[in-house]
Amino acid sequence: MTEDYGLMSIDFLVGFTIFMITFIWVATLIPGLFIGLQSHTIDYDAVAYRTGVILVEDPGAVGPLVTGNQPWEIQNDKRDVARFGLAVSKETPRILDENKVNRFFCSTAFSYPEDYQKRVIFGDIPYRFNISLLAVGEDTPRTVGDVVPDNYPYGYIRRDVKIKGSSNTTIGKTMIRAHGYNNTGNVTFNEFRIVINSSHLLTGDIGEIVNPNGDAAYRINPNGDRIIINITDLDETRNKIAHPNTPNVNLSNVKFYQTHTGDSNLYAFSPVAAFENYVYVNWGTTAVKPPVDLGTDRNLSMIFEPGFFSSTDKYGVIYINLTFEIHDPTEIPDNGQQFLNNTHTRPFDYNYNHANVTQPALTDAVMEVAVW
Amino acid sequence: MAGLKDDAQWIVLMGFVVSFSLFFIAIVINQSTVIGQTTAEAVLEFPKDDIRGVRDVIIQSEFLDNAGIFKNKTNVQNDIRTLSLSRQNSVVNLSSTPPTAGNPYSSIDIHYNNGVTVYNEIWRSK
Amino acid sequence: MLMTAYIVVNSTSVYTLGDTHISDMQLEVLGNDALNLMNTAPNSTPGKSPLQTIVETDDAETFRSMFLAIVNNRAGPHRDHVQFVANVSYVDLGGSINSIVLSDSLRPLVSGEHAVRVSDWVIVEKRFPDCSAQSCSGKHAVLVEVLLWRD
C-alpha cells in the first residue's frame, strides 16, 4: 500500500458535511455585517423616486408647534417646517403652488444640504442631490444642490408638473364705469370698499369644473396666495368740468375688517409688522404704507403677500376699505369732489368672475431629481 | 488506519473550506442586484395612478345628470365597470347615495380590486 | 465541483441593468405625469381638458405635438427621445370592448425596446366608433392608453 492516498473516514465526512451545512446557515445570517460596505448605487434611483413623489404629490407638513391651519411656506422659523412638499393640496398631485416653489428654492431660507436632507431626502446616509425645476417659457432652471456628476452613476427621476400662479385684478376706467364706482356728490373723504369672501372662495362654485375633487388647482386661497389689486385711471373719476384745477389726492387710510363664521359682526384687524408696507404708488418699486400721496398720475397697487391674511378666519369674509382724501386749495370753500367711491353701491367683489379678476393660471414645468 | 499519512487530507479539507467560502461570498454579492429590482418592481406593481384615475372619473360621473334618453350617469358608470375589467384587469364596484333632504352631501362607495391590491373608500362631497 | 454547480445554476439568471426594471419605472412615472397633465383643464372656464377635446374631435396631430412636447421636456439643454402609440378603448353599442388608434409618434416599435403602458380616463360626449346608427350626444367614459418607449 502506498502512503499518499487522500483517505478520509466516512464518519469524518458525515460530520464535516453536517458542520458545513450548519456553518452555511449561520453564515447567511451574517450579511448584516456587510451593511457598512454595501453599494449605495442600487439605492439612488429609489431615493430619487421617493423624493420626486414627496415634492410633486405632497403638500408638505408643518412642525408640531404650529397652531391653526397655516401652510409651511409662510412659517418664518425653519424648525416649524417638518416636510417639504410643493403640491397645492393632497387632492391635486402634480399641480405645484407658486409660493411653495419660491420658498423651497430660496437659498437664504434653507441651506444645502442639511435642511433639505432632513425635510425631503430622509434616511441616514448623507446623499448628495440636485433638484431642478424649469417652467416652460423660462430660460434657466431653478436649482438646489450640487452639480450633477458626469462620470459616475446617479439615481434620477423626472416629473412633469404644472405650476399654479396667483390671481390679480386691475380696476381701470372700464370697470369703474361699468360698476358705477363714481359718486355724484362732492365729498372730501371718498371710500372705496373691496370684499374678499374667503368662505365663498374656498367652498363656493367656481365655474364649470365638474370634478369637485381637483378644484383646489383653480381656487383663490386668501390664506396663502398672493393677491394683487391695481387701481388705475383714478383721475378719470373726477368731474373735470366742475373742478378744472388739479387737486391733491392722497390715500389717507386703509382699514381691514373680517367676519367670523356664523357671526356677522365686523372685527377690525391690522397687518403685522412684516407685512406693513403693501402699497405701491404710480408703478414705484418700493412699498409704502398709508397715508400716501398719490401725486399726479394717481395709480396705485396693493400687493398682499402670501400670509398677509393668514390670521383671518378661513370661512369668514374680509373687507378692505380705502379712504381717499381730496383737497383743492384753490377752491373756497373746499367741499370735496367726486372720486372713486362705492359707498352708494356694492363693494368690489374679488371672486371667480373672469370679467373682474384674472384667475390663477397653470403653466407647464418639468422637475428633475438626481441623487448620488 | 494508524500509520496512514494524513497530509493529503488537510489539502482536500482546505480545498473544501475555500470553495465553500467562495460559494457563500458569491451568493451574497449576487443578491445585491436584486435589491434594486424589487424596489422598482414594487413601484410598478402598485397601481397608484390606476386607482387615482378610476376614483377621479367616478367622482366626476357622480355629478352628471341622468335624465332623458341619454342617461349619462348610468352609461358612464357602466362604461367604467366594463373597461376596468377588460383593460385594467380590475374589478370596480361603486354605489352612490345622492343628497337627500336630511343629508345635503352625496357619498360614493368605491371598491377596487386588481387581484393584488384592494382599495375601498367612501367619498363624501364637501 | 461546487464552483461548477454554482456557475451552472447561476448562468440561468444573468442580471443586467434592464432586468432591474428601474428604467421601466422611470418611464411609466413620466408617461403617467404627461397623460394626467393633458387631462387637466387649464382654467376653470370652460373646464374642459385638452385631452377631452382631442378625443372628441379625433385630433391626432394635437395629441402628438402636445404629448411629445411634455414627455421629452428636460430641465437641461438636451431633449429626451421618447416615442409613443396611443389608442382609445371604448364600449360599443353591443357592450363589447374595442380600440381605435388615436395617434402615434411616427416611429415603429422595434422589438427589443422595453415599452410601458399608461392609461387615463376621459368622459367624452361622443359615441364610438361613429354615430351613424344613433345620435352623437350622450356622455361615455373611454380609456386613453399610451404605449411609450425610449428610442
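Structure above, values below:
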item	result
Positive minus negative residues near A:Ala217 (Lys, Arg vs Asp, Glu; Cβ under 10 Å)	+1
Acute angle (nearest 10 degrees) that the helix B:48-62 long axis makes with the longest principal axis of chain B, alpha-carbon atoms	10 degrees
Cα centre as origin, Lys/Arg/Asp/Glu Cβ charges: the range A:167-349 dipole, Debye	100 debye
Alpha carbon centroid spacing (whole Å) that separates the range A:72-144 from the range A:286-330	32 Å
On Cα atoms only, tilt of A:41-57 relative to the major axis of chain A in degrees	20 degrees
Neighbouring partner chain Cβ atoms per residue of A:360-367, average, 10 Å criterion	4
Other protein chain Cβ atoms within 10 Å, averaged over every residue that makes up A:313-325	0
Listed residues A:Gly207, A:Thr170, A:Asn245: farthest to the positive end of the dipole of the range A:163-321 (Cβ charges)	A:Asn245
Check: the range A:72-191 dipole with +1 on Lys, Arg Cβ and -1 on Asp, Glu Cβ, in debye	320 debye
From the C-alpha gyration tensor of the protein assembly as shown, square roots of 5λ in Å	64, 33, 22
The range B:48-124 shape via C-alpha gyration tensor axes, a/c threshold 1.5	oblate
Rounded tilt (10° steps) of A:10-27 against the dominant C-alpha axis of chain A	10 degrees
Exercise: per-residue mean of other protein chain Cβ atoms within 10 Å, A:155-166	4
Cα gyration tensor, the range C:29-119 - rounded (a/c under 1.5), prolate or oblate	oblate
Cα gyration tensor shape for the range A:100-257, rounded if a/c is under 1.5, else prolate or oblate	prolate
Rounded Å value of the spacing that divides the Cα centres of the range B:63-126 and the range C:26-52	21 Å
Rounded to the nearest 20 debye, dipole of the protein assembly as shown from Cβ charges on Lys, Arg, Asp, Glu	1220 debye
Summed side-chain charge close to B:Thr117 - residues other than B:Thr117 whose Cβ falls under 15 Å, Lys, Arg +1, Asp, Glu -1	-2
The protein assembly as shown - mean residue ellipticity at 222 nm from DSSP helices (-39,500 (n - 2.57) per run, n ≥ 4, rounded to 500)	-8500 deg cm²/dmol
Most to least packed among A:150-158, A:92-100 [average Cβ atoms within 10 Å]	A:92-100, A:150-158
Entries in A:Lys100/B:Lys126; A:Lys162/A:Lys255; A:Lys164/A:Lys314; A:Lys100/A:Lys289; A:Lys162/B:Lys126; A:Lys162/A:Lys289 that, when Cα-Cα distance is taken, lie over 32 Å	A:Lys162/A:Lys255; A:Lys162/A:Lys289
Radius 12 Å from Cβ of B:Arg87, net charge of other residues (Lys, Arg +1; Asp, Glu -1)	-2
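No value in this document is a laboratory result; all are computed from the given coordinates. Everything numeric in this text was worked out from a predicted model, so none of it was measured. Glycine also receives a Cβ, built like all others from the backbone with ideal geometry; neighbour counts cover every protein chain displayed.
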